[in-house]
Amino acid sequence: MTDEDSEKHYRSGLPGFLGVIDTFISKVEAVILALGVLLMATNTIANVIGRFILGESIFFTGEINRILIIMITFAGIGYAARHGRHIRMSAIYDALPVGGRRALMIVISLFTSLVMFFLLYFSVLYIIDLHDKGRILPALGFPIYLIYVWAPLGFLITGIQYLLTAIKNMTSHDVYLSTSVLDGYKDTETEV
């Protein structure tokens, strides 16, 4: 199974109810990301057509794209964590035996999960502050706090994903970067 196949048909490596939660969150992320990218492309293309063919831009295009960028960014951090696509600095980690790497991955995953929940808390406080100020988007007239709801949602999903990764590593003999991505490097050399 290639990376593309595994991304199309995600299967959680967790047993029981945790696997159901993991799979459900992966489907929600996929829909949010796909819908966000398609809507942004459609919005931008419509604005270009309006500007060059009709001679007038769509006045709210910038605000729509701003909303979609925020949505894609915060849905994308959970997606990156789920597929083990996050940046790692692994010099010490790679030098450890399997048991040491698994223990370190558990610590890293739990710490990252705590950081995500910490950021979730502060993003909720930020949204409450924006709500209290009553600011709105100039063109669309939406309350500005609504576009930032994606931030705590993204932090929540990412925090859950890292917590599930820690649980996967606690219950497995192998080392996992996420609930379904086994630690290791692919051999990128081709045979001549």
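Observations on the model:
- Crossing angle, helix 61-82 versus the chain [Cα axis fit, 0-90 degrees, rounded to tens]: 10 degrees
- Relative to the dominant Cα principal axis of the chain, helix 150-170 is inclined by about 10°.
- Local charge for I108 was computed over the other residues whose Cβ lies under 11 Å away, with Lys and Arg +1 and Asp and Glu -1, and equals +3.
- Computed extension gain for L182 through L96, at 0.36 nm per residue and net of the alpha carbon distance, reaches 29.4 nm.
- Label corresponding to mean projected area of the Cα convex hull in nm² when calculated from the structure given, among [x] 10.3; [y] 13.3; [z] 15.5: [z]
- Positive-pole candidate from Y148, V37, H173, dipole of the chain, charges at beta carbon: Y148
- Folded to 0 to 90 degrees: helix 98-133 orientation relative to the chain principal axis, Cα: 20 degrees
- As a length-normalised measure over Cα pairs under 8 Å and 6 or more apart, the relative contact order of the chain settles at 26 percent.
- Within-13-Å neighbourhood charge of G154 [Cβ basis; K, R +1; D, E -1]: 0
- Extension gain, V124 back to V48 (0.36 nm per residue minus Cα-Cα distance, nm): 23.8 nm
- Between V115 and R135, the simple label model (points 7 Å from Cα in the Cβ direction) yields a spacing of 2.6 nm.
- Rg/Rg_globular for the stretch 48-143, with Rg_globular taken as 2.2 N^0.38 Å and Rg from C-alpha atoms: 1.69
- Length gained on full extension, L39 to F59: 5.6 nm, using 0.36 nm per residue less the C-alpha separation.
- Computed about the Cα centre, the dipole magnitude for the chain is approximately 460 debye when only Lys and Arg (+1) and Asp and Glu (-1) carry charge, each at its Cβ.
- Two-site FRET efficiency, R66 against V28, from Cβ-Cβ distance with R₀ of 22 Å, rounded to 0.05: 0.50
Quick note: the coordinates plus some simple rules give every number you see, no bench work behind them. This structure is a prediction, so every number in the text was calculated from the model and none was measured. FYI the Cβ positions are ideal-geometry reconstructions off the backbone, even for glycines, and counts take in every protein chain you see.
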